[in-house]
1. Mind telling me which of the residues Ser58, Ser41 ends up being modelled with pLDDT under 90, touching a Gly at 6+ places or on another chain (Cβ under 6 Å) and small (Gly, Ala, Ser)?
2. Can you tell me how many residues within the range 173-183 are under 13 Å from Asp120 (Cα atoms) and under 22 Å from the mean Cα position of the chain (by Cα)?
3. Going by the structure shown, is Gly157 buried (at least 16 other Cβ atoms within 10 Å of the Cβ) and without any contact (Cβ under 8 Å) to a residue 40 or more places away in the chain?
4. Name, by its number, the condition in (1) of a type in the set (Asp, Glu); (2) part of a strand (DSSP E or B); (3) modelled with pLDDT under 95 that does not hold for Asp6.
5. Go through the range 201-218 and report how many residues are farther than 19 Å from Leu170 by Cα and at pLDDT below 85.
6. Can you tell me which residues in the range 56-104 are among the charged types (D, E, K, R) and within 30 Å of Ala172 (Cα to Cα)?
7. List every residue pair whose Cβ atoms lie under 9 Å apart, where the two residues are 6 or more positions apart in sequence or sit on different chains, the first residue falls within the range 80-91 and is surrounded by fewer than 18 Cβ atoms within 10 Å (Cβ to Cβ), and the second residue, located anywhere, is in a loop (DSSP other than H, G, I, E, B) and at pLDDT 80 or above.
8. Report, by residue number, each residue of the range 165-211 that is among the polar types (S, T, N, Q) and surrounded by fewer than 21 Cβ atoms within 10 Å (Cβ to Cβ).
Amino acid sequence: MAQFIDRLTPPADTSFFSSFDQQVLGQTSILGQGSNAAQVSWSVTFYTYATGANPSDSNFVGEGGEVYIVAVHKGFVTVPDDSYGKIRFGVTFVPNSGNHQMETVADFPGPDSGTKQGSDHWSYNVDFTQTFSMFQDGGNQPFEFSAQYANTVRRKGVKQHDEGQGVFSLVASDSGSIPQGDYELLGLTLFKHNTLSDWPIQTILWVEGWKDANQFANDDPAEQQVVMLPLGLTYASGAGTAPAPAQNV
């Protein structure tokens, strides 16, 4: 079991960094009606790092500049009965330019990474480390920041599938229905997007329920929220502006 580590925020005088926590759902009944509705509490924390060059430089990319985004998922799902074969969670980015898509660098825990423990317990680890070439003193002083996040989740009768592109799902370990119970959410994705003119980027956070592992429950439409992901160009860490208010769509 991985020791819990959360070192994703650089020192307070770091330039060109921003972070915010978005509460997507809080003990919200979704994916059904009445007593058979799943209860979801879900938040996503976004960390944005402009690295390699000063983003105020007109030749940011040519000078080796890159913008990374870390998205960390946390929360719980309560499943009251066997109504669901799969519950999917995802982050979809919609840059201002349709020609520039968000690049997914890595997903954690990773595809087929679960470890079986005992008869039907499954353990999943997030073990993320990345060194970012960042700046202090308003972009005048370069330094190396080693970001790190580690955590473990353990569930009975439920596997986690990382589908790529910031999407993951909970499914029954026996390919049937997810058993009744409370299940912790855990996931981390590293994205990259270097086109500064696309910021702030519209970000859609969504969840949907499937009747089984292969059939989407069309009568239970996805729950979505939309936020604007900011890029910290002129402020130090801990002093950024808040994102645009979330919207239900």
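The values are calculated or read from the model by the stated rules, or taken from the named source; none is laboratory data. This one's a predicted model, so the numbers in the text were calculated from it and none came from an experiment. With ideal geometry, Cβ positions are generated from the backbone for all residues, glycine too; neighbour counts draw on all protein chains shown.
1. Details: Ser58 fails: touching a Gly at 6+ places or on another chain (Cβ under 6 Å).
Going through Ser58, Ser41 in turn, just one is modelled with pLDDT under 90, touching a Gly at 6+ places or on another chain (Cβ under 6 Å) and small (Gly, Ala, Ser): Ser41.
2. Within the range 173-183, the subset under 13 Å from Asp120 (Cα atoms) is 173-175, 178-179.
Then drop every residue that is not under 22 Å from the mean Cα position of the chain (by Cα), which leaves none.
Selection size over the range 173-183: 0.
3. Numbers: buried (at least 16 other Cβ atoms within 10 Å of the Cβ): yes; without any contact (Cβ under 8 Å) to a residue 40 or more places away in the chain: yes.
When the stated conditions are applied, Gly157 passes them.
4. Only one criterion in (1) of a type in the set (Asp, Glu); (2) part of a strand (DSSP E or B); (3) modelled with pLDDT under 95 is unmet by Asp6, namely (3).
5. At the first step, the residues of the range 201-218 found to be farther than 19 Å from Leu170 by Cα are 201-204.
Applying the additional criterion that residues be at pLDDT below 85 yields none.
So the answer is 0.
6. Kept after step one, since they are among the charged types (D, E, K, R), are these residues of the range 56-104: 57, 63, 66, 74, 81-82, 86, 88, 103.
Result: Lys74, Asp81, Asp82, Lys86, Arg88, Glu103.
7. Pro80/Gln180; Asp81/Ser177; Asp81/Gln180; Asp82/Ser177; Asp82/Ile178; Asp82/Pro179; Asp82/Gln180
8. Residues of the range 165-211 that are among the polar types (S, T, N, Q), as a first pass: 165, 169, 173, 175, 177, 180, 189, 194-195, 197, 202-203.
Those that are among the polar types (S, T, N, Q) and surrounded by fewer than 21 Cβ atoms within 10 Å (Cβ to Cβ): Gln165, Ser169, Ser173, Ser175, Ser177, Gln180, Asn194, Thr195, Ser197, Gln202.
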